[in-house]
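What follows is a single structure, written as structure tokens, with notes after it.
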Amino acid sequence: MKEDPLLFFLKAHWRDGVEIALLWLGLHQAWCRLRDSRGARIVLGVALGAVSVLVLSEVLRLPVLDWLLRNMAALGLFSLVVIFQPELRRAAANLGNNRLFSNSTHSGGGIEVLADLTFDLANRQLGALIALERDVPLTSWIENGVEIDGLLSSELVVSIFHPRTPLHDGGLILRSDRVLAAACIFPVTDRTDIDRNLGLRHRAALGLTEETDAIVIVVSEETGTVSLCHRGELERGFEPATLRTRLGELLSALSNEKQA
């Protein structure tokens with residue numbers, strides 16, 4: 001009895017199907033994680049251009065151009081590593097951290113306290129840089145600062161960021177409702193597409209959120225303006241109510257990601 005052609009095809013090529021599915025899954029996940037990054041549009045444009053030229057070289061039979069494109073693939077992979085360096089560092093950090101067992105949670109009461117003390121600082125025009133640790137540990141930045149491990153309060157934070165105290169320079173790191181360390185030195189972003197009027201605090205906030213999943217609050221010393229950074233994006237001009245709402249949205253979104 002002759003075997004069904006479809007069954008024969010499936011038996012002969014099921015491994016190819018599995019391989020294609022795994023490749024598609026990997027590419028899909030990579031794109032979902034990188035599509036909002038600064039290099040995504042560059043990569044998409046270069047990829048579309050390369051595919052167009054490759055198809056053209058095949059249709060018109062241009063062997064030199066075809067050879068050149070195929071041999072530049074290794075250079076293209078190296079370029080991806082350079083473009084997505086912050087995202088790759090963040091992914092590597094996530095590998096060393098188990099999201100399922102993370103206890104970095106912030107209650108509604110904690111958000112209220114954080115929003116209140118932020119605008120206490122803003123009203124006093126005390127510059128501040130406050131990082132909320134999430135699933136990626138901020139251990140290396142805690143170690144380069146001064147460890148505190150105290151309960152979060154407006155009095156503590158205001159005293160830390162007062163210009164006459166030795167800890168006012170640098171950033172403050174929070175884990176849940178605990179102040180872990182002060183005077184921490186955060187990495188400064190090397191981006192050139194941001195407002196030139198942004199000071200060192202804003203650039204340090206962007207730099208830390210490019211490398212980790214932390215949420216960083218910035219209070220401008222000159223204007224008292226409150227800004228928020230997350231995943232390399234800067235949002236500015238918050239009021240107390242809008243800051244509470246935005247923090248709640250971000251923390252809820254991260255909790256949902258952990259459960260997904």
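One residue stands out in region 172-193 among those that are part of a strand (DSSP E or B) and basic (Lys, Arg): the one that is nearest to the chain's Cα centre (by Cα), namely 175. Just so you know, in region 31-41 the residues that are under 23 Å from residue 70 (Cα atoms) and surrounded by 14 or more Cβ atoms within 10 Å (Cβ to Cβ) include one that is modelled with the lowest pLDDT, and it is 39.
When residues in region 228-237 are screened for being assigned to a loop (DSSP other than H, G, I, E, B) and either farther than 23 Å from residue 176 by Cβ or without any contact (Cβ under 8 Å) to a residue 60 or more places away in the chain (or both), 3 of them pass.
On the stretch given as region 156-214, residues that are buried (at least 21 other Cβ atoms within 10 Å of the Cβ) and among the aliphatic types (A, V, I, L, M) total 13. Looking across region 152-165 at every residue that is in a helix (DSSP H, G or I) and hydroxyl-bearing (Ser, Thr, Tyr), the one that is farthest from residue 181 (Cα to Cα) is identified as 154. Of all residues in region 115-138, those that are assigned by TED's automatic domain parsing to the domain that holds residue 187 and farther than 14 Å from residue 218 by Cα have Cβ atoms under 6 Å from Cβ atoms of residues that are buried (at least 17 other Cβ atoms within 10 Å of the Cβ) and of a type in the set (Ser, Thr, Tyr), 6 or more apart or on another chain, in 133/104; 134/104; 136/212.
For region 194-227, filtering for residues that are more than 14 Å from residue 138 (Cα to Cα), part of a loop (DSSP other than H, G, I, E, B) and of a type outside the set (Gly, Ala, Ser) leaves 9. If you go through region 123-151 and pick out every residue that is charged (D, E, K, R) and assigned to a loop (DSSP other than H, G, I, E, B), you end up with 4.
The values are calculated or read from the model by the stated rules, or taken from the named source; none is laboratory data. A quick note: this is a predicted structure, and the numbers were derived from the prediction, not measured. Virtual Cβ from ideal backbone geometry, glycine too; neighbours counted across all protein chains shown.
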